[in-house]
Amino acid sequence: MAGRITLSQPRHGFRAGLDSVLLGAAVHEGRRNLLDLGCGVGTAAFVAMAHAPELSATLVDQNPEAKALAETNAADNGFAARATILLADVAGKGEVRKAAGLAENAFDVVIANPPFFVDGAGTLAGDAGRAGARHMDAAMLDLWVRTAAGSAAGGAEIIFVYPAESLSPLLGAFTQRFGAVTVLPLTPRPDAPASRVLIRGIKGSRAPLTLLASRALHDAEGRAFRPEFDAIFRGAARLDW
């Protein structure tokens, strides 16, 4: 989002990357009330807000440092009047989230970039904030989707970005709760396996699942992003899906 938003991030621990920008750019036009679960420093929500001056957002994270940085970033980017940042555990009990200020059945779009290492897989970083942002088992992932479903209003879109290798539990959690589920595989280069997926569901819909054709971030050679994604990362376009 060159020139569109600026972000303060922690020196150590989880740092926002391309996934967060893609997630924010994946929100469709016309949405007015967004919830970002596990918001970190606010990247995805603020990308969505930069594209939509009418959009307000509630951002939730259980890490006090992330919450503080999200508040700083909201102010620095002129979003303070449209953003509410809450300290809460996305996978915690409903009454605890409600007491923290997270409303139920209230949002017309819910987004999340959940922790992505399955228990026992990968290598956990020594920093607790980074580990907490990257480590999750299937049961915990299901709790995130359940929270998204409970927070979403009827007709809302729920959008997650996740590693392709862990799509199975996420897809199962989505199809149990939403209709019109759409999966967009993203690959590093043409003919390469998908490295991440965007998945969207609509609360209350009964429409069938759609698996979209994969899209490559880069051409077969070189480091430049393809024009579609270059425009997204420069803040000049939304993701059309």
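Bear in mind these aren't lab numbers, they're just calculated from the coordinates by the rules spelled out. Remember, predicted model here, so these are calculated numbers, not experimental data. For neighbour counting, all protein chains shown are included, and Cβ atoms are generated from backbone atoms with ideal geometry for every residue, glycine included.
How much net charge surrounds A148 when only other residues with a Cβ under 12 Å from its Cβ are counted (Lys, Arg +1; Asp, Glu -1)? Residues close to A148 contribute a combined charge of +1.
Can you tell me what share of the DSSP beta bridges in the chain is antiparallel? A percent to the nearest 5 is fine. Intermediate results must be reported in sequence, preceding the final value.
Numbers: 14 of 38 bridges.
The antiparallel fraction comes to roughly 35 percent.
For K67, the lysines whose Cα falls under 26 Å of its own Cα, not counting residues fewer than eight places away in the same chain, are K93, K98.
Percent relative contact order of region 34-108, based on C-alpha pairs within less than 8 angstrom and at least six residues apart?
Values: 111 pairs, mean separation 23.0, N = 75.
The normalised contact order for region 34-108 reaches 31 percent.
For K203, the aspartates and glutamates whose Cα comes closer than 19 Å to its Cα, not counting residues fewer than 8 places off in the same chain, are E29, D36, E104, D108, D142, E157. The modelled label-to-label distance for the pair R32/E104, using points 7 Å beyond Cα in the direction of Cβ, is 2.4 nm. For the chain, the relative contact order works out to 20 percent when only alpha carbon pairs closer than 8 Å and six or more residues apart are counted.
Reported value for the chain: 123 Å³ per residue, from the convex hull of its C-alpha atoms. Using θ = phi - 60° in the Karplus curve 6.51 cos²θ - 1.76 cosθ + 1.60, the 3J(HN,Hα) couplings for region 173-190 round to 5, 5, 5, 6, 10, 10, x, 6, 5, 10, 10, 10, x, 10, 10, x, 8, x Hz; x is entered for Gly and Pro. Our note on the geometry: Cα centres of region 29-80 and region 190-227, 24 Å apart. Annotation: extensible slack from T175 through R189 equals 2.2 nm (criterion: 0.36 nm per residue apart, minus Cα-Cα distance).
Find the all-direction average of the projected area of the Cα convex hull for region 1-112, expressing the result in square nanometres with one decimal place. Working shown, then result.
Values: hull surface 26.5 nm².
With the hull built on Cα positions only, its mean projection is 6.6 nm².
Across region 137-149, coupling constants 3J(HN,Hα) worked out from phi with the 6.51/-1.76/1.60 Karplus curve, θ = phi - 60°, read 9, 5, 5, 5, 4, 4, 5, 4, 5, 4, 4, 4, 5 Hz, and Gly and Pro carry x. By the equivalent-ellipsoid construction on the alpha carbon gyration tensor, region 133-241 comes out with semi-axes of 27, 16, 13 Å, ordered largest to smallest.
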